[in-house]
1. Considering every residue within region B:67-75, establish whether at least one is more than 30 Å from B:P340 (Cβ to Cβ) and either outside any loop (DSSP other than H, G, I, E, B) or of a type in the set (D, E, K, R) (or both).
2. Kindly provide the set of residues from region B:45-78 that are among the polar types (S, T, N, Q) and farther than 19 Å from B:P347 by Cβ, ordered by number.
3. Restricting attention to region A:259-300, and to residues there that are surrounded by fewer than 24 Cβ atoms within 10 Å (Cβ to Cβ) and among the small types (G, A, S), which single residue is farthest from A:V236 (Cα to Cα)?
4. May I ask you to say which residue of A:A54, A:A39 is modelled with pLDDT of 90 or more and closer than 13 Å to A:L203 by Cβ?
5. Could you count how many residues in region B:398-433 are within 8 Å of ligand 2 (Cβ to nearest atom) and on the phi > 0 side of the Ramachandran plot?
6. Looking at (1) touching an Asp or Glu at 6+ places or on another chain (Cβ under 9 Å); (2) assigned to a helix (DSSP H, G or I); (3) without any contact (Cβ under 8 Å) to a residue 40 or more places away in the chain, find the lone condition where A:L86 falls short.
7. Going through region A:240-254 one residue at a time, which ones are assigned to a helix (DSSP H, G or I) and touching a helix residue (DSSP H, G or I) at 6+ places or on another chain (Cβ under 6 Å)?
8. Out of all the residues in region B:417-434, is one or more more than 13 Å from ligand 1 (Cβ to nearest atom), modelled with pLDDT of 90 or more and aliphatic (A, V, I, L, M)?
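The values are calculated or read from the model by the stated rules, or taken from the named source; none is laboratory data. This one's a predicted model, so the numbers in the text were calculated from it and none came from an experiment. Cβ atoms come from the backbone with ideal geometry, glycine included; neighbour counts cover every protein chain shown. Protein only, heavy atoms only, side chains kept; ligands, DNA and RNA dropped before computing areas. Shrake-Rupley method; radii C 1.70, N 1.55, O 1.52, S 1.80 Å.
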Amino acid sequence: MEKKIELLLSSSPFLKQQEDTPAVMRQVIYSLLPAAAGALWFFGISALLIMLTAMLFALLTEGVYNKLTGRANTLRDGSALLTGLLLAMTLPPGIPLWMVALGTFFAIAIGKLIFGGLGSNIFNPALVGRAFLQASFPVTLTTWVAPGNGLSFMQWRSAAFTLPFVREKVAAVSTATPLSMMKFEGQLTPFKALFLGNSAGSLGETSALLLLLGGIYMAARHYINWRIPTALFATVIVTASALHWLNPETYAPFWFHLFSGGLMLGALFMATDPVTSPVTHRGCWLFGAGIGLLVVVIRTFGGLPEGVMYAILLMNGVSPLLNRIAQPPIYGDPAKFKKNEAHNE
Amino acid sequence: MGLFNTLPTFQRGIHPGDFKDLTRHLPIERMPFSAELTIPLSQHLGAPSKPRVKVGDTVQRGQLIAEPGGFVSIGQHAPVTGTVTAIEPRPHPTGRMVESIIIATDPFSPQTFYNEHPMDWEALSPRELISLIQHGGFVGLGGAAFPTHVKLSVPEGKHARFLIVNGVECEPYLTSDHRVMLEEYDDLFYGIRILQKILDVRQVYIGVENNKEDAIEVLRNHVPDDMACEVIALETKYPQGAEKMLIEAVLHREVPSGKLPIDVEVVVNNSGTITGIGHMFRFGQPLIERVVTVTGPGIKRPANVRVPIGTPLTELLNFCGGITDDTRQILFGGPMMGAPQARLDVPILKGTSGILCLTENEINVREEYPCIRCLRCVDVCPVGLNPSRLGALAKSRDYEHMLDFHVMDCVECGSCSYICPSNIPLVQRFRVAKGLLREQQARNKAS
Ligand code: SF4
Ligand code: SF4
């Protein structure tokens, strides 16, 4: 053959499915958009500012870190953006923006980068950031404002531009979240308000419906392992119902647990973070069930009204152990044959 | 799927799309003899064959030119009538230089066969039949090129109850087995009888993916009345043609880890191989040619071609109209397990089931991202391994530990690499790890 062609040597397989990791991250971000839009509706421009700040600082932190350490550009993989948005969704709408920035920095730097970046972290970065803020600024993180609606979009609901460490005058009217009303006053928020989102809480804690939409989409497209939320919901339903049956006066019914607080957001978008959940399906069942149990226990018997964050972080820590004990048998597993032989004898 | 699909198959696996329309309907054509053929003494797994001719000898088409160099080795034959011009190292599709017999074709020869008469196989013992297959030069034509007679030699104390004919051809793009089953089923059933006799097996299954409906129908219509042979339509899914997966689909048996199919009373053979064996016993012709699918967007005229072994790749490509200007990669085999070629002067081998020409558009050398533990690889691995975990261990060169995660059971199908969104070269790393571990085991044994 006269033609000179340059043949490329690479390794099989030469066919590949087309969806790469950045595409997966994008899809998860898209799945979060209905709930983000809900947050805008209920909390207006302050919600928008919080989300933008978190995403911006997430990118900034990782970008600067890459520059300083001479690592390749990892911003394209989309995981930093996702962490920023997720963290924003866990924050109360009245939080000053400097705290958002600080929390995001912490989430990316301590939650992810010091472990070695995407894929190497043990704990969900967004929750690490949220836990840090909760520990540092407990009052601000539990001061809630009542939701409005789209008509009051431009209305300030907070001291967004408070300077760092200046004590703010709490101007906004603060209210209690459904969970604290239940815990401290024994008052139950109606189902409709919880499900549609007309209740106080973090940006992403308001509408269970919008979160579910995103969750179902992700599960159907295999972006998340459906076993985790399924096990989680099932455990919450069973344990909460059992408690409620024992004493309906003090213990809330299961639907209240399911649709209040950060449970939907946590179950669908954080517990399902593939990096920090187990790598076997059996492990995922146990993982989801563990979170569900912990949530109900913390909410019911702990000192705090909300326990989703701690429940997930705790189970993140357990997930390497689950990996070890939940290895499924392989094709031709020697163990299977030993069983059969014993059976035959 | 799952719920409504009643076709037998194995667990997990992938659906990469079959790309077989390029050549599925094209009848097998013959190509002219090239001026020079290169017969590598090593085109199979095992010991190289030993030459029985010298430079300058004239050889006739079908004549034995090299004999088995041991038990795990085979005979080689002259694919054309001509003269031996050299016995020397030549480029080989594995990328190495391999000792080869070079034959210059006699342009005036009528190319009749050296020894063209049917063999009276019914009078022969299984042992004699196995020896004929070994000297006839047979290897697995599906691509692995493992000597067939070794697979047919059942060890003392074991017995086969089932023969499974592997007509799955699960590699995308390839259609050579498909066309052979469709056009040469006579030879296939003839070959099955011989294998039945060798193995003392009554029950035969022919496994075919249901994307070859015409072949399934033709085979079903032509199963001889006195043969206990069932043609089984299998779900089209990769790697359905892997031996272990085929056994799982057809018999619902699992080959124990580290054991062979014979340990669950099964022998599996490729349909093309059995067809070749049938042809040899019918007409006295050893394995000197095979059907090759030449395909892909980079070839001008895709085709199923009967190619004399040793034909230079260039000649075959030219016969198929040549390659397009934007061809960037030429593979021996299919896209999932095939091997890319660095040069075009290599010969077609007995194990070459297809030539796949890929252009710029299909090449995807893509950026690698960290493992996000999405478990897609776990969901597709037919063996039930955890490629994510194995990949992490391989990256940190913790090969010892990979043994605990059953790396030696990996069938190297590449399903995990196919599905991985982070583009991690998983199977490539497992191949390297397995090679190193095997070497180490051999060294330990030696010391
Ligand atoms: S498919 Fe790739 S990214 Fe996903 S778990 Fe497996 S190795 Fe990791
Ligand atoms: S680990 Fe091996 S057997 Fe499993 S999918 Fe990957 S290449 Fe195939």
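1. Looking for residues that are more than 30 Å from B:P340 (Cβ to Cβ) and either outside any loop (DSSP other than H, G, I, E, B) or of a type in the set (D, E, K, R) (or both), one finds at least one in region B:67-75, hence yes.
2. Passing the criteria: B:T58, B:Q60.
3. Among those residues, the one meeting the criterion is A:G290.
4. A:A54
5. Looking only at that region, the number is 2.
6. (3)
7. Matches in region A:240-254: A:A240, A:S241, A:F254.
8. Looking through region B:417-434, at least one residue is more than 13 Å from ligand 1 (Cβ to nearest atom), modelled with pLDDT of 90 or more and aliphatic (A, V, I, L, M).
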